[in-house]
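Working notes, structure below.
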Amino acid sequence: MIMIDVQSILKQLTIEEKAALCIGSGPWTTFNIGRPEVPAITLADGPHGLRRSRDIDASFCQSLPATCFPTASCLASTWDRNLLYTMGKALAEEAIAQDVDLLLGPGVNMKRSPLGGRNFEYFSEDPYLAGEMAIGMANGIQEKGVGATIKHFAANSQEFKRYLLNSEIDERTLREIYLPAFEMAIKKAKPWAVMSAYNKVNGVACAENTELLSILRDEWGFDGLVMSDWAAVHNLVKAIGAGLDLEMHGPQLVDMHALVDAVRSGALDEKVLDRSVSRILSTIHKASKTPKGGSFDIESHHDLAGRIAGEGMVLLKNNGVLPLKDHGRIAVIGLSAIHPYFQGGGASRVNPTKVAIPLDELRRQAPGTRFMYADGYTNDGEFRQDMIDEATGIAQSAEAAILFIALPPLTESEGYDRADIDLPRQQVALIRSVTAVQPNTVIVLNNGAPVAMGEWIGDTAAVLEAWMMGQAGGKAIADILYGHVNPSGKLAETFPLKLSDTPAYLNWPSKANIDTSTVRYGEGLFIGYRYYDATDTPVLFPFGHGLSYTTFSYSNPRTTASRFKDADGTTVTVDVTNTGKVAGKEIVQVYVHDQKSSLIRPPKELKGFVKVELHPGETKTVSIPLDYRSFAYYHPSYKRWVTEDGDFDILIGASSADIRQHITVHLQSGSKLRNHLNHNSTVREWLEDSRARVILEPIILGIIGRMCTMAGSADSKNGAMNMTGDIMDAPLFVVFNYFERSIPMLPEKMMHYLIGKVNE
């Protein structure tokens, strides 16, 4: 193990050596500056499996074999922090065996639309769930002495023109939706590194965005390494000045020389460069503490991948056909039954150590059953009626059919977004033809994000969302279909009925607006279930939905305090009972609804959850703590998170649409808010301040009374009263100027007097 004295080495380095350390020496390593006490470290992709290139100097070549775990859409559907922690440790073991110091994952960006090309790499549409999953995985990775990298910071919600696209987001939306998962991971997992995104946020590239990096470092206290995504730096001097440390990949000799010249000319303070270099040296020091080499247990990691896949698969529909009984003949249809679709395209693509084939696994589960197979479709998009006819024929002669449906390869990939959420025309026609002759048809879906099902789901007996399930997912499917595993996954994202129902539909960047490089996040806070709740838009399957082979009841909800101070929070407790005949796991979800707030808030927001395992008839009590942030929102006027006195509904449910119990509590706010009232503030805003209201309310009531008196007739009085709303929402100076005679002093003096009162 090499011991690095950061400050001592920093003093010895030349400006050229410092600049070299801030740029990668190739696709996967930091620069070796020729000093034995400062070794290069190796990085590798790792959101759901290690992609360690055989040639460390090559960007894209076949990687060393590693376990391909399920992708993030499946991982998040486990709702299991501990399971992701275990997976993180396994990833670290493989990194150590393959001489990798820093893993590039997990990714915590929000799923703004089901079209996002990298949605399979991201956890959820909900920041709290995404943050909790990231904490579990990052802690597991780092417990073994390998670094985790939280990415892509920030608002990397689409792949379209990703190197140039400007994400235009208002401050409150950024703070409440697109930053919290990062914040949670930074504060609770303390990752070694954060990766900045390709895109711009509000006009400034993420790698050189002073506002974003200031939030990260100054507000959240992150003192680790900030690296760029590969080729995401536009101006390295600006980026280092903003708080970036490492430009990847490299070598970028032009940037290196520009950095040296900037320091020598005084354009960049050498102390700023030293700050970045010291963070790089600290990361190298941490990495050097973990000896590398050896091997990992291929079989146990494969089994773990299968267990995770089984926990993350979601049973969307079941009319009782599952689990499968002792059928004599079952039709297995679909190319993905023999060529499983278990990961997406792009930099996260893993070279698996082995792959479980779904059809083979079904045969192992039921050796006495005759499984009849037909491809049903090709992966080239060609429409083949003869393949549909063949599949329909064997389905009709069987007692049940299992239809494996998967999007064509590379439909979901880094680098581009999906064009729609539809299945290929061949697969839709196949499903409709098979279900028309076989009522016991089970659909198994392999995809990384929602697909439309409206044309065919009504005729199916069951639908299992198996996601991009990783290399062992074939066994997990068989285990669930035959009841050896009771499905317990729940959706980490909403499945819409159709694309036009989705929140970002009118603001999604595409080739239709190719002349613009800005995407406006016009839906604001209302992504995912927040939008569907607020607009009462029906969905195919709600956030948090997932069926089981057993049933659960919720009873005796309570909180540790029904009235409490925001800083103290409260803990929600509920009894959960397995009311069915088999053991199973339930995910208890807690949402919070603010009954009244000064600024608009979503109808409810996820603030806690727990996964609990229960035997038939067993009852367990689960407790979920709610803290300050569970009740707060970000107020852009005050530039901070605030709470307000009032009642909140605590909603306890099995999904966002299946609320089983609720409790109303009263929160006492400790937020001491100074009003930002001025000449342009409305009458309504002034009256909400208790100090101003004492003086102002009699004046406003007098103005309204005068209006009604002057109106005379009943119709005129009604019109005058309707004008009250206009007065309440008008700037105070306008009202004062119109009704000058009703003011006890000159309007200008009254304004100054009121401003002074609220700022005492």
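The values are calculated or read from the model by the stated rules, or taken from the named source; none is laboratory data. Not measured: the values here are computed from a predicted model. Positions of Cβ are backbone-derived with ideal geometry, glycine not excepted, and every protein chain shown enters the neighbour counts.
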Count of the stretch 220-244 residues which are charged (D, E, K, R), surrounded by fewer than 23 Cβ atoms within 10 Å (Cβ to Cβ) and touching a Lys or Arg at 6+ places or on another chain (Cβ under 8 Å): 1
Test: residue in the stretch 527-534 that is more than 19 Å from the chain's Cα centre (by Cα), part of a loop (DSSP other than H, G, I, E, B) and touching a residue at least 40 places away in the same chain (Cβ under 8 Å): no
Residue, surrounded by the fewest Cβ atoms within 10 Å (Cβ to Cβ), within the stretch 128-167, restricted to residues that are within 17 Å of Glu414 (Cα to Cα) and among the charged types (D, E, K, R): Lys161
Qualifying residue in the stretch 172-195 (condition: within 17 Å of Asn109 (Cβ to Cβ), at pLDDT 95 or above and in contact with a His (Cβ under 8 Å, 6 or more places away or on another chain)): yes
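To keep it simple, each residue is scored yes or no on (1) assigned by TED's automatic domain parsing to the domain that holds Ala429; (2) among the aromatic types (Phe, Trp, Tyr); (3) out of contact with any strand residue (DSSP E or B) (no Cβ under 7 Å at 6 or more places or on another chain).
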position	(1), (2), (3)
Leu322	yes, no, no
Gly328	yes, no, no
Gly334	yes, no, no
Gln343	yes, no, yes
Ile388	yes, no, yes
Phe404	yes, yes, no
Residue within the stretch 643-654 that is in a strand (DSSP E or B), touching a Gly at 6+ places or on another chain (Cβ under 9 Å) and at pLDDT 95 or above present: yes
Residue match in the stretch 293-305 (condition: on the phi > 0 side of the Ramachandran plot, modelled with pLDDT of 95 or more and assigned by TED's automatic domain parsing to the domain that holds Glu382): no
Residue match in the stretch 2-22 (condition: at pLDDT 95 or above and within 31 Å of the chain's Cα centre (by Cα)): yes
Meets criteria (farther than 25 Å from Cys68 by Cβ and not basic (Lys, Arg)) for Glu361: no
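For the stretch 38-47, does any single residue satisfy the condition of being more than 26 Å from Gln142 (Cβ to Cβ), modelled with pLDDT of 95 or more and touching a helix residue (DSSP H, G or I) at 6+ places or on another chain (Cβ under 6 Å)? Can you show your working first?
Initial filter on the stretch 38-47 (more than 26 Å from Gln142 (Cβ to Cβ)): none.
Looking for residues that are more than 26 Å from Gln142 (Cβ to Cβ), modelled with pLDDT of 95 or more and touching a helix residue (DSSP H, G or I) at 6+ places or on another chain (Cβ under 6 Å), one finds none in the stretch 38-47, hence no.
Could you list all residues from the stretch 202-235 that are free of Cβ contacts under 8 Å to residues at least 12 places away in the same chain and of a type in the set (Val, Ile, Thr)?
Val204
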Some residue of the stretch 470-477 being assigned by TED's automatic domain parsing to the domain that holds Ala331, touching a strand residue (DSSP E or B) at 6+ places or on another chain (Cβ under 6 Å), aliphatic (A, V, I, L, M) and not in a helix (DSSP H, G or I): no
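If only one of Ser598, Ser630 is in a helix (DSSP H, G or I), under 18 Å from Arg172 (Cβ atoms) and in contact (Cβ under 8 Å) with a residue 24 or more places away in the chain, which one is it?
Numbers: Ser598 fails: in a helix (DSSP H, G or I).
Result: Ser630 is the single residue among Ser598, Ser630 that is in a helix (DSSP H, G or I), under 18 Å from Arg172 (Cβ atoms) and in contact (Cβ under 8 Å) with a residue 24 or more places away in the chain.
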Qualifying residues in the stretch 326-373 (those that are part of a loop (DSSP other than H, G, I, E, B) and of a type in the set (A, V, I, L, M)) - the one nearest to the chain's Cα centre (by Cα): Ala347
Odd one out for Tyr634 among (1) buried (at least 17 other Cβ atoms within 10 Å of the Cβ); (2) modelled with pLDDT under 95; (3) touching a helix residue (DSSP H, G or I) at 6+ places or on another chain (Cβ under 8 Å): (2)
Count - residues of the stretch 247-299 that are loosely packed, with under 14 Cβ neighbours inside 10 Å, in a helix (DSSP H, G or I) and either in contact (Cβ under 8 Å) with a residue 24 or more places away in the chain or over 31 Å from the mean Cα position of the chain (by Cα) (or both): 6
Given (1) under 20 Å from Gly524 (Cα atoms); (2) crowded, with 23+ Cβ neighbours inside 10 Å; (3) of a type in the set (Ser, Thr, Tyr), number of the condition Thr173 does not satisfy: (2)
Hits in the stretch 104-132 (condition: part of a loop (DSSP other than H, G, I, E, B) and over 8 Å from the mean Cα position of the chain (by Cα)): Gly105, Pro106, Arg112, Ser113, Pro114, Leu115, Gly116, Gly117, Arg118
The stretch 474-528, residues that are farther than 22 Å from Ile169 by Cβ, crowded, with 22+ Cβ neighbours inside 10 Å and among the polar types (S, T, N, Q): Ser488
Number of the exception - Phe543 against (1) outside any loop (DSSP other than H, G, I, E, B); (2) among the aromatic types (Phe, Trp, Tyr); (3) in contact with a helix residue (DSSP H, G or I) (Cβ under 6 Å, 6 or more places away or on another chain): (1)
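Kindly establish whether Gly454 is closer than 26 Å to Arg425 by Cβ, touching a Lys or Arg at 6+ places or on another chain (Cβ under 8 Å) and surrounded by fewer than 24 Cβ atoms within 10 Å (Cβ to Cβ).
Yes.
If a residue must be of a type in the set (A, V, I, L, M, F, W, C) and closer than 26 Å to Ser295 by Cβ, how many such residues does the stretch 59-84 contain? Quick ask: steps written out before the conclusion?
Just the residues of the stretch 59-84 that are of a type in the set (A, V, I, L, M, F, W, C), to begin with: 60-61, 64, 66, 68-69, 72, 74-76, 79, 83-84.
So of that shortlist, the ones also closer than 26 Å to Ser295 by Cβ come out as 60-61, 64, 66, 68-69, 75, 83-84.
Residues that pass the stated criteria total 9.
Return the only residue of Asn737, Asn722 being part of a helix (DSSP H, G or I), loosely packed, with under 13 Cβ neighbours inside 10 Å and at pLDDT below 70. Even if it seems obvious, please write down each step before you answer.
Numbers: Asn737 fails: at pLDDT below 70.
Only one candidate qualifies: Asn722.
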Residues that are within 30 Å of Gln668 (Cα to Cα) and under 24 Å from the mean Cα position of the chain (by Cα), drawn from the stretch 576-598: Ile587, Val588, Gln589, Val590, Tyr591, Val592, His593, Asp594
Condition met for Ser336 (buried (at least 23 other Cβ atoms within 10 Å of the Cβ), touching a residue at least 24 places away in the same chain (Cβ under 8 Å) and closer than 19 Å to Met453 by Cβ): yes
Pairs, first not assigned by TED's automatic domain parsing to the domain that holds Lys475 in the stretch 356-385, second in a strand (DSSP E or B) and aliphatic (A, V, I, L, M), C-beta under 9 Å, six or more apart: none
Ala366, sole failed condition from (1) closer than 30 Å to Gln426 by Cα; (2) surrounded by 21 or more Cβ atoms within 10 Å (Cβ to Cβ): (2)
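Quick test for you: out of Ala58, Ala19, pick the one residue that is hydrophobic (A, V, I, L, M, F, W, C) and not in a helix (DSSP H, G or I).
Numbers: Ala19 fails: not in a helix (DSSP H, G or I).
It is Ala58.
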